[in-house]
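Participant: Below: one structure in structure tokens.
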Amino acid sequence: MLEPALFAHGVLEGGQLAADISVLEIDRVAQNVVKSHLETCQYTTEELKRLAWTLYSPEEVRALQSKSCEAMWQQCSLQISNAIQYVVEFAKRIDGFMELCQNDQIILLKAGCLEVLLIRMIRAFNPLNNTVLFEGKFGGVQMFKSLGCDDLIGAIFELGRTLCRLQLSDEELALFTAAVLLSPDRPWLTESKKVQKLQDKIYVALQHEIQKKHSAEDKLSKMVSKLPLMKTICNLHLDKLEFFRLLHPETAMNFPPLYKEVFN
Ligand code: MHQ
């Protein structure tokens, strides 16, 4: 159908050739994913730039620190729940996602949405002073002290710093989060081949996008190399949640429905 010269042949992780995906198709995939990301990223780049130096004052940080563990968990779960809604909307707008069976859609979202949030976090993370956006202002790790999850928070901030060093563009971020969401190796998927095909195209599009500026092998492998740390953080979060639920079952029962549904 198309000339051989119009074929992109990127080598994905594991050395698979993706020579059968045409440049036109890759562009279509990239456009769809980037548009979906921009429409659902919760804060525009301009908004975040403006907010970046809106810091919590020391008094405000102290007020957050003196909250009860339960109140702080409630606040965090609410923020995370809000952010998840945007990730769900992002997923729904990715071509092919809604064509998967409902079972698989749910599995992919439940398994991937925290990872997507952690990647999206770099947009709302300031590596210059190690702060993250929380309820409209930026603050550091101390802000979350009352959660009693210093290891989890430390790991999240460390990931923020390392991901920021990659200097991902919104296009790269869009494609990377889509690829993470469409991971064919999530347990209990019924149509993982279909997911694999979607992910392959997205990775080819990502590689193509990176190539515009960098050596793609390099940057893509650096991005992919952060996935294990993200998985560790997700598991740590589940452990902390389980422990919290044991200590404060009533509070955990009142967590936002979406947060409960995704992490139960
Ligand atoms: C999103 C916007 C966004 C919203 C919420 C689970 C737990 C007990 C503690 C932000 C985690 C505490 C989160 C709120 C903390 C690390 C969480 C609480 C990108 C991600 C971002 C900025 C979340 C980042 C992680 C935050 C700060 O579009």
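The values are calculated or read from the model by the stated rules, or taken from the named source; none is laboratory data. Fair warning: this is a prediction, and the values are worked out from it, not measured in the lab. A quick note on method: Cβ atoms are made from the backbone with ideal geometry, for glycine too, and the neighbour counts reach across all protein chains shown. Note: accessible area is taken over every heavy atom of the protein model, side chains too, but ligands, DNA and RNA are not part of it. Shrake-Rupley method; radii C 1.70, N 1.55, O 1.52, S 1.80 Å.
Participant: Suppose we filter segment 175-196 for residues that are open to solvent by 30 Å² or more (accessible area, probe 1.4 Å), in contact with a Pro (Cβ under 8 Å, 6 or more places away or on another chain) and not charged (D, E, K, R); how many remain?
Facilitator: 2
Participant: Would segment 56-79 turn up any residue that is open to solvent by 30 Å² or more (accessible area, probe 1.4 Å), touching a strand residue (DSSP E or B) at 6+ places or on another chain (Cβ under 7 Å) and within 16 Å of the ligand (Cβ to nearest atom)?
Facilitator: In the first step, residues of segment 56-79 are kept if they are open to solvent by 30 Å² or more (accessible area, probe 1.4 Å); the result is 56-60, 62-63, 65-71, 74-75, 78-79.
If we keep only those that are touching a strand residue (DSSP E or B) at 6+ places or on another chain (Cβ under 7 Å) as well, we get 56, 79.
Right, trim to within 16 Å of the ligand (Cβ to nearest atom) and you get 56, 79.
Looking through segment 56-79, at least one residue is open to solvent by 30 Å² or more (accessible area, probe 1.4 Å), touching a strand residue (DSSP E or B) at 6+ places or on another chain (Cβ under 7 Å) and within 16 Å of the ligand (Cβ to nearest atom).
Participant: Would you say GLY140 is among the small types (Gly, Ala, Ser) and under 23 Å from LEU238 (Cβ atoms)?
Facilitator: Numbers: among the small types (Gly, Ala, Ser): yes; under 23 Å from LEU238 (Cβ atoms): no.
Judged against the criteria, GLY140 is not a match.
Participant: Can you work out which of the residues in segment 85-94 that are within 14 Å of the chain's Cα centre (by Cα) and open to solvent by 10 Å² or more (accessible area, probe 1.4 Å) is nearest to PHE244 (Cα to Cα)? If you could, list the steps in order and put the result at the bottom.
Facilitator: Pass one, segment 85-94, residues within 14 Å of the chain's Cα centre (by Cα): 85-91.
Among the residues that remain, those that are also open to solvent by 10 Å² or more (accessible area, probe 1.4 Å) are: 85-86, 88-89.
Details: GLN85: 23, TYR86: 26, VAL88: 25, GLU89: 29 Å.
Filtering segment 85-94 for residues that are within 14 Å of the chain's Cα centre (by Cα) and open to solvent by 10 Å² or more (accessible area, probe 1.4 Å), the one nearest to PHE244 (Cα to Cα) comes out as GLN85.
Participant: I would also like to ask the following. Is there any pair with a first residue in segment 234-247 that is without any contact (Cβ under 8 Å) to a residue 24 or more places away in the chain and in a helix (DSSP H, G or I) and a second that is open to solvent by less than 80 Å² (accessible area, probe 1.4 Å) and near the ligand (Cβ under 10 Å from one of its atoms) whose Cβ atoms are under 6 Å apart and which are 6 or more apart or on different chains, and what are they?
Facilitator: Here the result reads LEU241/PHE263, each pair linking segment 234-247 to a residue that is open to solvent by less than 80 Å² (accessible area, probe 1.4 Å) and near the ligand (Cβ under 10 Å from one of its atoms).
Participant: Does at least one position in segment 152-160 carry a residue that is of a type in the set (Gly, Ala, Ser) and without any contact (Cβ under 8 Å) to a residue 24 or more places away in the chain?
Facilitator: Pass one, segment 152-160, residues of a type in the set (Gly, Ala, Ser): 154-155, 160.
From the residues that got through so far, the ones that are without any contact (Cβ under 8 Å) to a residue 24 or more places away in the chain too are 154.
Checking segment 152-160: at least one residue is of a type in the set (Gly, Ala, Ser) and without any contact (Cβ under 8 Å) to a residue 24 or more places away in the chain.
Participant: Taking the options ASN126, ASN82, ASN103, name whichever one is within 12 Å of the ligand (Cβ to nearest atom) and open to solvent by 20 Å² or more (accessible area, probe 1.4 Å). Before the answer, list the steps.
Facilitator: Details: ASN126 fails: open to solvent by 20 Å² or more (accessible area, probe 1.4 Å); ASN103 fails: within 12 Å of the ligand (Cβ to nearest atom).
Result: ASN82 is the single residue among ASN126, ASN82, ASN103 that is within 12 Å of the ligand (Cβ to nearest atom) and open to solvent by 20 Å² or more (accessible area, probe 1.4 Å).
Participant: For a quick check of your reading of the model, give me the residue pairs whose first member lies in segment 81-100 and is at pLDDT 95 or above, whose second is assigned to a loop (DSSP other than H, G, I, E, B) and among the polar types (S, T, N, Q), with beta-carbon atoms closer than 7 Å and at least 6 apart or on different chains.
Facilitator: ALA83/GLN42; TYR86/GLN42
Listed here are the residues, each with its yes/no results for (1) surrounded by 15 or more Cβ atoms within 10 Å (Cβ to Cβ); (2) at pLDDT 95 or above; (3) more than 16 Å from the ligand (Cβ to nearest atom).
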| residue | (1), (2), (3) |
| --- | --- |
| ALA216 | yes, no, yes |
| SER225 | no, yes, yes |
| CYS234 | yes, yes, no |
| GLU242 | no, yes, no |
| LEU246 | no, yes, no |
| LEU258 | yes, yes, no |
| VAL262 | yes, yes, no |
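Participant: I would also like to ask the following. Would you check which residues across segment 129-143 are open to solvent by 20 Å² or more (accessible area, probe 1.4 Å) and either within 22 Å of PHE244 (Cβ to Cβ) or touching a Pro at 6+ places or on another chain (Cβ under 6 Å) (or both) and list them?
Facilitator: So in segment 129-143, the residues open to solvent by 20 Å² or more (accessible area, probe 1.4 Å) come out as 129-130, 133, 135-137, 141-142.
The answer is GLU135, VAL141, GLN142.
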